[in-house]
1. With +1 on the Cβ of every Lys and Arg and -1 on the Cβ of every Asp and Glu, and nothing else charged, how large is the dipole of the stretch 64-117 about its Cα centre, in debye rounded to the nearest 20?
2. Let's see if you can work this out: charge +1 on each Lys and Arg Cβ, -1 on each Asp and Glu Cβ, no other charges. What is the dipole magnitude of the stretch 28-112 about its Cα centre, in debye to the nearest 20?
Amino acid sequence: MLKTEKNNKKGKNMNKLNITKVRQMNKLKITKVSVYPVYSSQDRLRALARVVINDALQLTNLRIYEGSEGLFVSYPIEFTQKGEEFRQIFYPLTREFREYVEEVVLAEYHATMGGEK
């Protein structure tokens, strides 16, 4: 939770967000990436990945798949109670951040695999 400051000017209680904290949160940076290759997969799954953002938030169960146009990163899903439909648990809201995550994760995948493409 963000710290707030109380301002009692003219008898009013006003909460102000700590602007420095808000600005820091707007700069999302991947600070750690871990990749775990999957060698015995029967499908197109090549690895699992975990990323840490701003040394504060860990996202797990990202999957690296081999698609028809190369490798891509998939985000975790959960199935509904009926088991027929699913929904993503978390995912980037912007194309720019999605591309950033994919670039960093795939670079770590290639480094982990010894430069294989």
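1. 140 debye
2. For this selection, approximately 180 debye.
We did not get these values from a lab; they are worked out from the coordinates using the rules stated. Only a predicted model underlies this, so the values are computations on that prediction, with no experimental measurement involved. Cβ coordinates were reconstructed from backbone atoms using ideal geometry, including for glycine residues, and neighbour counts include every protein chain displayed.
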